1. In the stretch 154-188, what GluC sites (Glu not before Pro) fall in a loop by DSSP, with at most 16 other Cβ atoms inside 10 Å?
2. Note down the net charge around Asp117, summing +1 for each Lys or Arg and -1 for each Asp or Glu among other residues with Cβ under 11 Å from its Cβ.
3. Among the listed pairs Lys107/Lys130; Lys97/Lys191; Lys97/Lys194; Lys97/Lys130; Lys97/Lys189, which have their C-alpha atoms separated by more than 18 angstrom in this model?
4. Once fully extended, how much extra length lies between Asn158 and Val48, figured as 0.36 nm per residue of separation less the alpha-carbon to alpha-carbon distance?
5. Quick check on the exposure proxy: order Thr82, Thr132 from fewest to most C-beta atoms within 10 angstrom.
6. Report the local net charge at Asn127: Lys and Arg +1, Asp and Glu -1, summed over other residues whose C-beta lies under 13 Å from its C-beta.
7. Alpha carbon centre of the stretch 87-132 versus the stretch 163-184: separation in Å?
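Read the figures in this text as sums done on the coordinates, not as results from a lab. Predicted, not measured: the structure shown is a model, and the values here were computed from it. Please note: Cβ atoms are built from the backbone with ideal geometry, for glycine as well, and neighbour counts cover all protein chains shown.
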Amino acid sequence: MKHIKYSIYAFSILLVTVGCGGSGNTVDDSGYMPQMTNDQLIRSNELVDGAPIWITMPPTDDENYLYSVGQQTGSSFTQQATIMTAENAARQAMAQKLETKVQALQKSFMETVTSADRQNYDATFTNVNKQTADQALQGTSPARTRCIPMNNESGNVNERCYVLMRMPVGPAKTAYENALSRDEELYVKFKASKAYQELQEEFSTAGQ
């Protein structure tokens, strides 16, 4: 009889344990829970180490947007200027991210042509990369902006402003192809190379 009572008690504990473990919350590698989608991150007001969670755990680039972040300290009396500086920092980070992507495409293409062609195309790609960045960055916009008071600070610097910037993927891809197509010979060869497929994968937009 005692054995039966013990078995029932142990079974009850097991049910409680399983029930508690089935809440659906998950812990990511950084130790925070639950894991969030990009939309949830952007909407979240949670702070991690005193900063917005979308700063410490930025949204992942996806088929719709590329993301970057920026921050700047300043005075609450000149908050708008501080925000603008943070936005510029985020745009600079976006420019670097975009530059890395287009340079990778250029490198992939250059591996398929002769050394003589590489010399001819270098200048063209330099212009293409610059035009792509100039046009694409015009489409950037802040997804979130937040200013947080700084503790134990004296003087004029009393807050830190954070900006999450995003850039639509579609216009960036279009800008790159438009700039590239101005050199017809280069564009024909590019479309026949593996770099063109990489372009589709790197800058793929839902619905296109």
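1. Of the GluC sites (Glu not before Pro), not one in the loops of the stretch 154-188 has a Cβ with at most 16 other Cβ atoms within 10 Å.
2. Residues near Asp117 contribute 0 overall.
3. Violating the 18 Å Cα-Cα cut-off are Lys97/Lys191; Lys97/Lys194; Lys97/Lys189.
4. Between Asn158 and Val48, full extension yields 37.7 nm more.
5. Details: Thr82 22, Thr132 26.
Least to most surrounded, the residues fall as Thr82, Thr132.
6. -1
7. 12 Å
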